[in-house]
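Each remark here refers to the structure printed beneath this line.
Read-outs: derived from the displayed coordinates by stated rules, not from any lab. Since we're looking at a predicted model, the values are computed, not measured. Here the Cβ is made from the backbone with ideal geometry for all residues, glycine too, and neighbour counts use every protein chain on show.
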Amino acid sequence: MKAWSLLFGLTAVIATAAFVYAPFDEDWWLPSYRATNAEAMATLEEIDARSGALAGEVEAMRDLGGPASAEQLEGLDSGRRWLARQAVRLGMMADQGFLSERSRELQSRAALASEAVASAREALGIGPAPAAVEEAVGALEGLRERAEAAIASVSEPGGSLRAPISSAARQIDHLYVLILVITGLTFVGVMGAMVVALWRFGAKPGRKAVYSHGSLKVEIAWTVIPGAILVFLALYQLRAWADIKFKSSYPDVAPLAEVTARQFQWTIRYPGPDGQIGTGDDLHTVNDLHFVKGQPTIIRLKSDDVLHSFFLPQLRIKQDAVPGMDIPVLFDADKAGRFELLCAELCGWGHYKMRAQVTVHETQDEFDEWLARSLEEQDYPPPPASDPDGVAAAAVPPGPGVE
Amino acid sequence: MSSEPHHDAPAQGPDLAGPDTGMAPGTIPTSGHAPGHDEHIHPAPRNPLFRYIFSTDHKVIGIQFLFSGLIFFVVGGLLALAIRWQLAWPWSDLPHLSALWDSSAGQMPPEFYNKLVTMHGTIMIFFVIIPILLGAFGNFLIPLMIGARDMAFPTLNMLSYWFMWPAFVLIVFSFFVPGGASEAGWTGYPPLSTAEWSTPGSLNGQTIWLMALLFAGISSMMGSINYITTVLMLRAPGMTLFRLPMTVWGLFITALLQAFALPVLTSALVMQLLDRVAGTNFFSPTGLSVANGPEEVGGGHPLLWQHLFWFYSHPAVYIMILPAMGIVSDVISTFSRKPLFGYKPMVFAIGAIALLGFIVWGHHMFQSGMNPALGATFMLSTMMIALPSAIKTFNWLGTMWGGSIHFTAAMLNAVAFVAMFVIGGLSGIFMAATPTDIHIHDTYFIVAHIHYVLFGGSSFGIFAALYYWFPKMFGRMMNETLGKIHFALSFVFFNGTFFPMHIVGMHAQPRRYADYTGFELFNNEAVIGLNQLMTVCAIGLGLSQLILVSNFVASLVAGRKAGANPWRANTLEWQTGSPPPHYNFERIPTVYHPAYEYSLPEAESDYLPQTEPRPPRAEPLDHIMA
């Protein structure tokens, strides 16, 4: 008989332990981000090391008496090829949203360095070319410096109960911990009483149960005390709810973008140079949301077809997108890096793959740079031949799907 | 009162029709002794068609509901296992079903996953839990526990069962129409559900789904009216409202809830049906165009559906738990051999849950785009509804405390109900709090919560009821050892299946995703590993039910014969034969006291049936509590 009380007791202990141990641990979220980061970091470190070495190699050819040896030229050739490959890798990193603008910049620097090395090689094949060497070394040194800076600025998105990374997360996680403590203590108390009751009051021959129909005092106690706790909880959380969702408490900032959900993608529309959404110079992206670290950001959420839901788990933001409604959503992030945007409302067969890349930029300048370049790419798509890395793939020209 | 004509009179011998207290089943019990109709005991029809199939006997109808419900329990459970398979090993071949999907190389297509999710929810809620708790136990127990010969409207009762059949047929048939079964979730949110081309299941399946639910709703409504009338009008002499067992209170208040909430769902279902087949626009906003279809004239609003749907479906959550709460109260009191602690507070708590249940529906819509200020008021009412649930839990503990607990299979399941309901209730506070709901809404945390309430709560309540009333229903005992093994395995695997859902839910794994591994957030060992653990436990949970099935079938055929009152319980159903005769009671019993007079010091044994007066030496009852 006591075995049954143990079964209930053990279940309660495991449940409590799991709840205390596991909540929101960012270590669960980070591994896959880390895997992508590690891959990208390997690229950056390789660039850091080899572009330095290559710069030294080129530097050594500055004061040659005559044309460079075949061996030296071969070294330059392989360096040039290596740089071109790095440009492609960096382009892929940028497409994944890794370090966003930094990887774009690195990509163009790698392309530049590759060209500089190529022209240095051409010149050195004929005779001494200190100017070309100078230029190639400069380009390589610049690439190395930027790679080093990029390594230093790699940030993991994170977000956990211990380290919330947005205003909403701070309020929500605080409330979550408070409720966890209250409900946890209640649970332990109730289950403890139950286990003790099952343990102590198992049927024994000769012992009769207590004859009692209850006690008014006890009833009043266990009505008033939980009631007071619940009222406290209800009132206590109102501030957080108002701060996150009430339009009246939103800061006075212009909307960053208009996010329109449709089966099964997020189309995002940023104001162009005129600062207005809905004019001809807007930037349209698909599944690619950018904003700036530390700035309260408002988007206007719409839906083109069925219900969707705008869900940023690490930033603790969720809002349904409803056709026929235009809902402002406020959020921010304390950390730059890559995040994911999920659809959280069943929207059809492709619901599970309705994912967008979210890039939080370190600075406003970085964001502006991204916006300007994306606008340029959108308006003047470069001819396919000169765009082998598919840089323009992220930007989609206005089509029938977008107003 | 029986609707059958009076002339097909008793064929059972004069002793059955003898005069008793003179109280007719049709008279108001508090009005004293009225002229009796007890000579009009009807024997069971001899024609098996009317005896077992088109029966108006509440006991037969109850058992019909029980068997249909249990069959759909198996169907719903298998759908759940297919869901779990896909979540643990996304896109891997499903055993025995891969042949269905030649076109996708044996992989389950994502739209089929959405069908599984939708139909699992729909079947478990509308075809398993509500029919078993209300249809089976409501029908079987209400007349027996209040001392009546049958329901107030036996023919209506029969119809309430047979109106479920079109629903059963339609819901199964919907898998075979072009496009397949509905994919809009058990909540059927438009425009996904109304726009024909939004997803394959909305092509035809959704229309069938709506019609199935309409039939199920009509069936429930017939049942509710019957239960309300029966409890109010047909109580035995002396059975005042405050002497009703908690099971009857739970069923009675549930019937009231259903009677007032269901019309709203019915109108919503009709509106959605019209939107789909007649071109109305109740739920389509102006200019809506789905899947590049032509624009709708519109003028409606998708949130309207959510309000109407949840106005019924939140009370429906209580419809699915209040009867189980009543059942568990009776089982715990009986096997603790102790009066129910705080009977009247328990009754008022059920009443409070029912009343508050009507003003909390908006908590399903905190993130829906509904005005957040309205969300704040719904948050307050939702917080308050936790209070009566807490009171009930404390009273169950109070009942066990100081008792003389017999660990029968029924008792173990009832205790598990309390323990699991505590988890389900407390996790509800996280989502009642609007700010934390922002994060956990539409994640597996919600799925964990609903399963702790509906499986940990309602289903363990159903198991308890099954073990407890099986002897009364079929006249034979179930095997207790197998019952305990079934309980222990179900309890362990249940927790293994549903507890980790809280954890992955806190880590934001969204519900209704056919594959979550495409996200960097979830593509890690912890989340995938927990999902695999849940699936393994779910398979274990499914296999454990084979023990219940075999125990059920074997006991039905060869179980030990049960006496009239094997549990030595007080309520009226145990004071007649097992199984009870067609007319329930040879004489309509007279009730002398509330149902929970266990271990009365002045009584000879540790129980005192409601039909026996309290000994004169006993102290008067505590009228505030009992």
For region A:264-272, in residue order, the Karplus 3J(HN,Hα) values (coefficients 6.51, -1.76, 1.60; θ = phi - 60°; whole Hz; Gly and Pro = x) are 10, 8, 10, 9, 10, 10, 9, x, x
Rg to Rh, two decimals, where region A:251-394 supplies the alpha carbon set and Rh follows Kirkwood | 0.96
How large is ³J(HN,Hα) for each residue in region B:477-493, as worked out from phi by the Karplus curve 6.51 cos²θ - 1.76 cosθ + 1.60 (θ = phi - 60°), to whole Hz, x for Gly and Pro?
-> 7, 7, 6, 5, 5, 4, x, 6, 5, 4, 4, 4, 5, 4, 5, 5, 5
So, with +1 on the Cβ of K and R and -1 on the Cβ of D and E, and no other charges, what is the size of the charge dipole of chain B about its Cα centre, to the nearest 20 debye?
-> 840
Nearest-ten-degree value, helix B:164-173 long axis tilted from longest Cα axis of chain B = 30
In vacuo Debye sum over C-alpha of the protein assembly as shown, base-10 log of normalised intensity I(q)/I(0) at q = 0.04 Å⁻¹, listed in q order, is -0.25
If each K or R counts +1 and each D or E counts -1, the residues other than A:Glu115 whose Cβ falls under 11 Å of its Cβ total +1
In the calculated pair distance distribution of chain A, what percentage of Cα-Cα distances lie above 33 Å?
-> 51
Please list the helices of chain A that count as membrane-span-like by this rule: a mean Kyte-Doolittle hydropathy of at least 0.0 together with Cα atoms stretching 18 Å or more along the helix axis, each helix being a complete DSSP H run.
-> A:2-21, A:130-152, A:167-200, A:216-236
For region B:63-113, max minus min Cα coordinate along each principal axis, in Å, sorted largest first?
-> 43, 21, 18
Cα→Cβ-extended label distance, 7 Å offset, between A:Ser69 and A:Ser215, nm | 10.0
Rounded to the nearest 500, what is the 222 nm mean residue ellipticity of chain B from helices alone, with -39500 (n - 2.57) per DSSP H run of 4+ residues and division by all residues?
-> -18000 deg cm²/dmol
Built amide H within the under 5 Å cut-off of B:Thr280, gap 5+ | B:Asp275
Computed over region A:251-394: relative contact order in percent, which uses C-alpha pairs under 8 Å that are six or more apart = 24
Once you've got the GNM for chain A with C-alpha springs shorter than 10 Å, pick whichever of A:Glu219, A:Glu74, A:Glu59 has the biggest mean-square fluctuation.
-> A:Glu219
Label-to-label distance, nm, for residues given as B:Ser104 and A:Thr36 (7 Å Cα→Cβ offset) = 2.5
Between A:His174 and B:Leu546, what FRET efficiency follows from the Cβ-Cβ distance if R0 is 51 Å, with the result rounded to 0.05?
-> 0.65
Please report the relative contact order for region A:28-152, taking Cα pairs under 8 Å with a sequence separation of at least 6, and give it as a percent rounded to a whole number.
-> 40
Angle, helix B:525-558 long axis vs. longest principal axis of chain B, Cα atoms, 0 to 90°, nearest 10?
-> 30
For chain B the mean separation of alpha carbon contacts under 8 Å (6+ apart) over residue count, i.e. relative contact order in percent, is 16
Starting from the Cα of B:Lys561, step 7 Å along the direction of its Cβ; do the same at A:Trp199; then give the gap between the two resulting points in nm.
-> 4.4
Given all pairs of distinct Cα atoms, region B:408-565 yields a Kirkwood Rh in Å of 16.9
Positive-end residue of B:Ala236, B:Leu322, B:Val128, charge dipole of the protein assembly as shown with Cβ unit charges = B:Ala236
Summed over the other residues with a beta carbon less than 11 angstrom from that of A:Ser303, with K and R at +1 and D and E at -1, the charge totals -3
Using only the alpha carbons of region B:294-347, determine the length spanned along each of the three principal axes and report them from longest to shortest in whole angstroms.
-> 68, 20, 8
Please work out whether chain B counts as rounded, prolate or oblate from its C-alpha gyration tensor, where a ≥ b ≥ c are the square roots of the eigenvalues and a/c under 1.5 means rounded, while otherwise a/b larger than b/c means prolate and anything else oblate?
-> prolate
How crowded by other chains is A:327-340, given as the mean number of beta carbons from other chains within 10 Å of each beta carbon?
-> 1
With Cα atoms, 0 to 90° folded angle of helix B:409-432 axis to chain B main axis = 40
Amide N of region A:65-88 lying under 20 Å from the label point, which is placed 7 angstrom from the Cα of A:Ala53 along Cα→Cβ | A:69-88
Just going by the charge dipole of the protein assembly as shown, with Lys and Arg at +1 and Asp and Glu at -1 on Cβ, which of A:Leu342, B:Ile385, B:Ala448 is farthest out on the positive end?
-> B:Ile385
Under 22 Å, Cα to Cα: Lys pairs in chain B, sequence gap 8 or more or different chains | 8
Top mean-square fluctuation among A:Val137, A:Val224, A:Val292, Gaussian network model of chain A, C-alpha springs under 10 Å?
-> A:Val224
As straight-line cross-link partners of A:Lys293, the qualifying lysines (C-alpha separation under 28 Å, not fewer than 8 residues apart within one chain) are A:Lys245, A:Lys247, A:Lys302, A:Lys318, A:Lys335, A:Lys353
One finds, for A:Tyr21 and B:Ile359 with R0 = 30 angstrom and r their Cβ-Cβ distance, a FRET efficiency to the nearest 0.05 of 0.20
Over region A:28-152, one equal point on each Cα, no solvent: what is log10 I(q)/I(0) by the Debye formula at q = 0.15, 0.19, 0.20, 0.22 Å⁻¹?
-> -0.64, -0.91, -0.98, -1.13
Where is the GNM fluctuation largest for chain A (alpha-carbon springs, 10 angstrom cutoff): A:Leu90, A:Leu230, A:Leu289?
-> A:Leu230
